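Right, I'll just put the structure down here and ask away after.
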Amino acid sequence: HDATALGGIGRAVELLARALADERRILVVADYDADGATGCAVAVRGLRLLGARYVDWLVPNRLEHGYGLTPELVEVAAGRRPDLLITVDNGITSVEGVAAAAARGIEVLITDHHLPGPRLPAAAAAVNPNLPGDAFPSKHLAGVGVMFYVLGALRARLRADDWFARRGVPEPGLAVLLDLVALGTVADVVVLDANNRILVAQGLARIRAGACCAGIAALIAVAGRERTRLEASDLGYAIGPRLNAAGRLADMGLGVDCLLTDEPGAAAAAAARLDALNRERREVQRQMEIDAAGVLARRAAGGTALPPALALFDPAWHPGVVGVLAGRVKEMTGRPVVAFAADGDGNLRGSARSVRGVNVRDLIAAVHAAHPDLVTRFGGHAMAAGLTLPAAHLARFGAALEAAAAAGLAG
């Protein structure tokens, strides 16, 4: 689909064209999952290809900063002295974070695909196909896909301004980024509609032909896959999980480094570390699945029917792995699942996964509307969401989630 159908993209291109012309300092702030990491790499590589001189990046630590552009992360970002922040795969619910950046004189361009909350951040520009009234035909772009579209629109603007001719450089091809777009799109488990299928197919074709970045080539190697026969399922079940392991158990900076390096040896070393983290993640996940299966078995033994949605928690669960756990329990039960882990500050961080036909982000929004004191923050999309709540509110949240799911199914 044509990029001009994306709302806000004209203003976004204006910001970026000015930033390139004025040699402003750009900082990309990405999410800590595979979509965020690939989107970060697309943004950094793409902006550099288009002539940006000062492009840096920052990914929050899941345990230290939480999700999105928080005021705490803005404080870290300010240390890099950026003129412009670009969020990738986050930001559309970061009302306080955008305000904190503005208070420091930093403009913010949001690129995201998650559903917005009741208030939109006062960003300089926002590009998100899921904003109210947005005319873009595909609502299923991943965060990396949104960023790719922004770069395409920026290149068109620069071409019209004779940017490349005036600099005496050839206009760069952005197809070199499609390997990253394909990986992030599949790994984020967004709907593979016709538009996404085109992006993924083109990315896979480049990977099979050997025209992929060193990091993806190294991840394919450590996963034991054959590059020339790579399928979308390999991106989802072999490559994506290894990249995600960094954000779950350590720091996604390792994953971004892997995707940004052009040196095969450095890429191989980073991929080996990601592979080791993924093996550790599997062991942690295995024990958590045993714990969750025990909870379900005890309910069944007590004659208690499973509710239409489940909220599960164990003090020993790892906050970086609850999303994977929620997905597995969802597959076991056929119900939306929210799995929680303690954050050490008296709060619980939850990851939700849903089944077809139930929008889990809307389900949590319904809970929040009925009980505004329960959830501190939340965000996401139809099939996956995240939220935070005080540990003392867990039982009430579980009951409210069940009630909202029952009401929605009955409706």
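Using the Kirkwood radius over Cα pairs, work out the Stokes-Einstein diffusion coefficient for segment 1-95 at 25 °C and 0.890 mPa s, in µm²/s as a whole number.
Details: Rh = 13.9 Å.
The calculation lands on 177 µm²/s.
Given Gly210, Ile239, Val222, which one lies farthest toward the positive end of the charge dipole of segment 204-260, if we put +1 on the Cβ of every Lys and Arg and -1 on the Cβ of every Asp and Glu?
Going by the charge dipole, the pick is Gly210.
Tell me the net charge near Glu64. Cut-off is 13 Å between Cβ atoms, Glu64 excluded, with +1 for each Lys or Arg and -1 for each Asp or Glu.
Details: positive: Arg62, Arg349; negative: Glu72, Glu75, Asp251, Asp343, Asp345.
In short, -3.
Right, another one. For segment 37-161, just the Cα set please: Rg and Dmax, both in angstrom.
14.1, 44
Plugging the Kirkwood radius over Cα pairs into Stokes-Einstein for segment 1-47, at a temperature of 10 °C and a viscosity of 1.306 mPa s, what D comes out in µm²/s?
Working: Rh = 12.1 Å.
Translational diffusion coefficient: 131 µm²/s.
Skip the ligands, DNA and RNA, and give the accessible area per residue of segment 348-411 with a 1.4 Å probe, whole Å². Write down the numbers at each step before the final one.
Details: 2850 Å² over 64 residues.
Roughly 44 Å² per residue, with all protein chains present.
Which semi-axis lengths, in whole Å and largest first, follow from the square roots of five times the eigenvalues of the Cα gyration tensor of segment 221-335? Mind showing how you got there, number by number?
Details: eigenvalues 230, 47, 22 Å².
In descending order the semi-axes read 34, 15, 10 Å.
Now, a different point. Protein chains only, probe 1.4 Å: how do Thr93, Thr185 rank by accessible area, largest first?
On the way: Thr93 40, Thr185 0 Å².
Result of the area sort, largest leading: Thr93, Thr185.
Round to a whole angstrom and tell me the spacing of the C-alpha centers of segment 70-122 and segment 342-411.
Between the Cα centre of segment 70-122 and that of segment 342-411, the gap is 24 Å.
How would you rank 116-128, 252-264, highest first, on the average number of other Cβ atoms within 10 Å across their residues? Intermediate results must be reported in sequence, preceding the final value.
On the way: 116-128: 19.4, 252-264: 21.0.
Going from most to least packed, we get 252-264, 116-128.
Quick one: accessible area per residue over segment 106-183, 1.4 Å probe, rounded to a whole number of Å²? If you can, show how the numbers build up before the last one.
Working: 2910 Å² over 78 residues.
Result: 37 Å² of accessible area for each residue.
So how long is each side of the chain along the principal axes, counting just the alpha-carbon atoms, biggest first, in Å?
75, 47, 39
Carbon-plus-sulfur fraction of the accessible area of the chain, 1.4 Å probe, in percent? Each step should come with its number before you reach the end.
Numbers: 8710 of 16560 Å².
Ligands and nucleic acids excluded, carbon and sulfur give 53 percent.
Taking every pair of alpha-carbon atoms in segment 268-411, give the share separated by more than 20 Å as a whole percent. Don't jump to the answer; show the numbers that get you there.
Details: 4801 of 10296 pairs.
Beyond 20 Å sits 47 percent of the P(r) for segment 268-411.
When the dipole is taken about the Cα centre of the chain, and only Lys, Arg (+1) and Asp, Glu (-1) are charged at their Cβ, what size is it in debye, to the nearest 20? Spell out each step's value before the answer.
Working: 42 positive and 42 negative charges, 105 e Å.
In total the dipole reaches around 500 debye.
If you don't mind, there's one more thing I want to ask. Rounded to the nearest 0.05, what FRET efficiency is calculated for Ala399 and Arg119 with R0 set to 30 Å and r the Cβ-Cβ distance?
Values: r = 27 Å, r/R0 = 0.90.
Taking R0 as 30 Å, the efficiency between Ala399 and Arg119 is 0.65.
Further question: Between helix 194-208 and the chain, what is the angle of the helix's C-alpha long axis to the longest principal axis, kept within 0 to 90° and rounded to the nearest 10?
Roughly 70 degrees between the two axes.
Here's a follow-up. Hey, could you get me the Stokes-Einstein D for segment 305-363, Kirkwood radius over alpha-carbon pairs, 4 °C and 1.567 mPa s, rounded to whole µm² s⁻¹? Write down the numbers at each step before the final one.
Values: Rh = 11.6 Å.
Translational D for this selection: 112 µm²/s.
Could you state the principal axis extents of the C-alpha atoms in segment 88-136, from the largest down, to the nearest angstrom?
On the principal axes, segment 88-136 reaches 32, 18, 17 Å in Cα extent.
If you count the DSSP beta bridges with both ends in the chain, what percent of them are antiparallel, to the nearest 5?
Working: 18 of 39 bridges.
In the chain, approximately 45 percent of DSSP beta bridges are antiparallel ones.
So, counting K/R as plus one and D/E as minus one, what does the shell of residues with Cβ under 14 Å around Gly253 add up to? Display every interim value, and only then the final one.
Details: positive: Arg62, Arg80, Arg248, Arg273; negative: Asp31, Asp33, Asp56, Glu64, Asp251, Asp257.
Within the 14 Å Cβ shell, the charges total -2.
So, one more: Evaluate the relative contact order of the chain (contact order divided by residue number), counting alpha-carbon pairs under 8 angstrom at least 6 apart; express in whole percent. Kindly include the intermediate steps, with their values, before the conclusion.
On the way: 802 pairs, mean separation 53.1, N = 411.
Relative contact order for the chain comes out at 13 percent.
Taking N as the number of residues in segment 102-176, what value does Rg over Cα atoms divided by 2.2 N^0.38 Å take?
Details: Rg = 15.3 Å, N = 75, 2.2 N^0.38 = 11.3 Å.
Normalised Rg, Cα atoms only: 1.34.
Another question about this same structure. Using only the alpha carbons of segment 335-401, determine the length spanned along each of the three principal axes and report them from longest to shortest in whole angstroms.
Dimensions of segment 335-401 along the principal axes of its Cα atoms: 34, 22, 18 Å.
Loop sites only, by DSSP: take the GluC sites (Glu not before Pro) in the chain that have at most 15 other C-beta atoms within 10 Å and name the longest stretch containing none of them. Don't skip to the answer; put the middle values down first.
Values: sites that count: Glu23, Glu64, Glu226, Glu231.
That gives 232-411 as the longest site-free run.
Quick one: net charge around Leu158, please, counting Lys, Arg +1 and Asp, Glu -1 for every other residue with C-beta under 13 Å from its C-beta.
Numbers: positive: Arg18, Arg155, Arg157, Arg159, Arg166, Arg167; negative: Glu14, Asp161, Asp162, Glu171.
Value of the local net charge: +2.
Roughly speaking, what is the stretch gain from Arg298 to Arg166, that is 0.36 nm per residue apart minus the C-alpha to C-alpha distance, in nm to one decimal?
40.4 nm
Measuring from centroid to centroid over Cα atoms, what is the spacing of segment 127-171 and segment 242-287 in Å?
Cα centroid of segment 127-171 versus Cα centroid of segment 242-287: 29 Å apart.
The values are calculated or read from the model by the stated rules, or taken from the named source; none is laboratory data. Since the model is a prediction, treat every value here as computed from it, not as a measurement. Cβ atoms come from the backbone with ideal geometry, glycine included; neighbour counts cover every protein chain shown. These area figures cover heavy atoms from the full protein model, side chains too; ligands, DNA and RNA do not enter into them. Shrake-Rupley method; radii C 1.70, N 1.55, O 1.52, S 1.80 Å.
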